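K.L.:
Encoded as structure tokens, here's the structure I'll be asking about.
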Amino acid sequence: MQLSEALSLAIQHQNAGRTAAAAEIYDRILEVAPGNPPAATLRARIHLKEGRLEEADRLTVAATRAAPDYMQAWNARGDVLDARNQPEAAGAAWRRSLLAGPENTGPFVGLGNRFQLDKDYGAAETAYRRALAGQPGNVPAANNLAQALLIEGDAEGALAATGRVLARDPNHVRATAYRSVALEELGRHDEVDRLIAHGTATRPIRFEVPDGYRDHAEFNAALSDEIRNHPNLSGDLDPLRRAIRGGAFVPQLFDHKGPAIAAFESMLSAGLDRYIAGLKKDPSHPFFARIPKGYAVNIWANILGDEGHQSAHIHNAGWLSGTYYAAVPETVRPDDPDRAGWLEFNRPGYGIPYRGSRRLEAVCPELGMAVVFPSYVWHSTIPFRGGGERISIAFDLHVDG
């Protein structure tokens, strides 16, 4: 196979989401032709997506040296430097990309993101609109434009920006989340309530006590103990930038299973199967349109102490998300008017203020209960005081078929 044919095949794999197959071909090309600009750039993109920043950095350096006028290499170089928290160098790389190809609009997304971080939302809006002028289907540009407009208070503009994405992908998680914020600000409550679907999609589910345990208190005490002593336990803010504040984090909870975690896995699987079986398909709804025949689960645990909380966020890669409560402090009570420690819905995050006129929905945690919701639903934990631990197990379901 000629190098050009191999490169074309790798690009086809990458565009179809078969990144492992694409990466293997790029690696073979780079063994024969080190620094090949397209192969190095596209392989760097895969490394960047997977968080392997040093490898991505090395390949973008090689690509820009081999082809100083290759705009895609400079564009990727800027994205890598931005991920490595080198904003000035990233900006210089993006500008170099624009000089190499004035028709290139990709760097405007990165520049807009830097403006957002600097809270220069007007400049960010301009950059995103410039990206969309050249690439009307640029999803990051449209979503980030919606975010900037929501921060500035332009709900109508944000609604239009999310419409660009949803016209192509009606089930897009982030665009749907931003749309829900815009609709709330505009007072279109029926549409928001339909998206959130409290009582059907968004609701608590309760579990029976697993075999071998007297009650929920005994089971969850054992479960909490296994979580506290889990080999994957890490303190405070984890490297994947999860939304936890003031606590600890256990990724890949099921990698190491004691008796309680194994019992929880079986209990959760049965409960989720029952929940899904009770849903009714609706092709016009971004959640009910995607009820899966099969699913994969990503699962982790959070440990929150006094004043600990989870900031408002969504789960971009999921279909359904949820949290199970293994330990609840005594100060977290259903009769608390301040709702300390409760799980709150539809308060936006990512710097977007809540400007709605309604009191937000919230659920008080209980032992032996999980709360599930579409992954595009904003959710956060209200801080609590008075000591104790709040141990929760969070999960995402990914549509598998």
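K.L.:
Hey, what's the chain come to in accessible area per residue, 1.4 Å probe, Å²?
P.N.:
Working: 18350 Å² over 401 residues.
Solvent-accessible surface per residue comes out at 46 Å².
K.L.:
May I ask you to derive the FRET efficiency for ASP118 and ARG290 from their Cβ-Cβ distance with R0 = 45 Å, giving the value to the nearest 0.05?
P.N.:
Numbers: r = 37 Å, r/R0 = 0.81.
Step by step, r from the Cβ atoms, then E = 0.75.
K.L.:
Going by the alpha-carbon gyration tensor, a ≥ b ≥ c the square roots of its eigenvalues, is segment 1-52 rounded (a/c under 1.5) or, if a/c is not under 1.5, prolate (a/b greater than b/c) versus oblate? Provide the component values of the computation, followed by the final result.
P.N.:
Numbers: a/c = 2.06, a/b = 1.23, b/c = 1.68.
Oblate, since a/c reaches 1.5 and b/c is not below a/b.
K.L.:
Suppose every Lys and Arg Cβ carries +1 and every Asp and Glu Cβ carries -1, with no other charges. What dipole size does segment 45-171 come out with about its Cα centre, to the nearest 20 debye?
P.N.:
Numbers: 15 positive and 16 negative charges, 72 e Å.
The calculation lands at about 340 debye.
K.L.:
Helix-only mean residue ellipticity at 222 nm, the chain, DSSP H runs n ≥ 4 weighted -39,500 (n - 2.57), per residue, nearest 500. What is it?
P.N.:
Working: 14 runs with 188 residues, N = 401.
Calculated mean residue ellipticity at 222 nm is -15000 deg cm²/dmol.
K.L.:
I would also like to ask the following. Does segment 1-127 classify as rounded, prolate or oblate by the C-alpha gyration tensor (a ≥ b ≥ c root eigenvalues; a/c under 1.5 gives rounded; else a/b over b/c gives prolate, otherwise oblate)?
P.N.:
Verdict is prolate for segment 1-127.
K.L.:
Could you list the GluC sites (Glu not before Pro) in segment 14-103 that lie in coil according to DSSP, counting only those with at most 15 other Cβ atoms within 10 Å of their Cβ?
P.N.:
Numbers: sites: GLU24, GLU31, GLU50, GLU54, GLU55, GLU88, GLU103; in loops: GLU50, GLU103.
Passing both the DSSP loop test and the Cβ count: GLU50, GLU103.
K.L.:
Further question: Provide the FRET efficiency to the nearest 0.05 for the ARG206-GLN86 pair, computing r from the beta carbons and using R0 = 35 Å.
P.N.:
Working: r = 49 Å, r/R0 = 1.39.
Efficiency at R0 = 35 Å is approximately 0.10.
K.L.:
With +1 on the Cβ of every Lys and Arg and -1 on the Cβ of every Asp and Glu, and nothing else charged, how large is the dipole of segment 153-285 about its Cα centre, in debye rounded to the nearest 20? The partial results should precede the final answer.
P.N.:
Values: 17 positive and 20 negative charges, 68 e Å.
With only Lys, Arg, Asp and Glu charged at Cβ, the dipole is about 320 debye.
K.L.:
Using a simple charge model, +1 on the beta-carbon of Lys and Arg, -1 on the beta-carbon of Asp and Glu, nothing else, what dipole does the chain show about its Cα centre, in debye to the nearest 20?
P.N.:
Numbers: 43 positive and 49 negative charges, 200 e Å.
Charge dipole of the chain: 960 debye, to the nearest 20.
K.L.:
Between ASP69 and ALA270, what FRET efficiency comes out of the Förster formula 1/(1 + (r/R0)^6) with R0 = 56 Å and r the beta carbon distance, rounded to 0.05?
P.N.:
Working: r = 59 Å, r/R0 = 1.05.
For R0 = 56 Å, the calculated efficiency reads 0.45.
K.L.:
Expected output is a single nm value to one decimal: the length gained when fully extending between LEU233 and ILE11, i.e. 0.36 nm times separation in residues minus the C-alpha distance. What is it? All intermediate terms of the calculation are to be shown ahead of the outcome.
P.N.:
Working: separation 222, 0.36 × 222 = 79.92 nm, distance 3.80 nm.
Contour length minus Cα-Cα distance gives 76.1 nm.
K.L.:
While we're looking at this one, here's another question. How about LYS281: which lysines have a C-alpha closer than 30 Å to its C-alpha, ignoring those fewer than 8 places off in the same chain?
P.N.:
LYS293
K.L.:
Expressed as a whole percentage, what fraction of the accessible surface of the chain belongs to carbon and sulfur atoms when a 1.4 Å probe is rolled over the protein heavy atoms?
P.N.:
Numbers: 9200 of 18350 Å².
The computed percentage sits at 50.
K.L.:
Another question about this same structure. Please give the Cα centre distance for segment 1-69 versus segment 115-193, rounded to the nearest Å.
P.N.:
Between the Cα centre of segment 1-69 and that of segment 115-193, the gap is 31 Å.
K.L.:
Kindly identify segment 286-371 as rounded, prolate or oblate by the Cα gyration tensor criterion: order the square roots of the eigenvalues as a ≥ b ≥ c, call it rounded if a/c is under 1.5, otherwise compare a/b with b/c, prolate if a/b is larger, else oblate.
P.N.:
Values: a/c = 1.82, a/b = 1.25, b/c = 1.46.
It comes out oblate by the Cα gyration axes.
K.L.:
Report which label in (i) 36, 24, 20; (ii) 38, 21, 19; (iii) 39, 26, 20 holds the value of semi-axes √(5λ) of the Cα gyration tensor in Å derived from the coordinates of this structure.
P.N.:
(iii)
K.L.:
Going 7 Å from the Cα of ALA317 along its beta-carbon direction, which residues of segment 11-25 have the amide nitrogen within less than 14 Å of the resulting point?
P.N.:
19-20
The values are calculated or read from the model by the stated rules, or taken from the named source; none is laboratory data. Keep in mind it's a predicted model, so treat the numbers as computed, not measured. FYI the Cβ positions are ideal-geometry reconstructions off the backbone, even for glycines, and counts take in every protein chain you see. These accessible areas exclude ligands, DNA and RNA; they are computed on the full protein's heavy atoms, side chains included. Shrake-Rupley method; radii C 1.70, N 1.55, O 1.52, S 1.80 Å.
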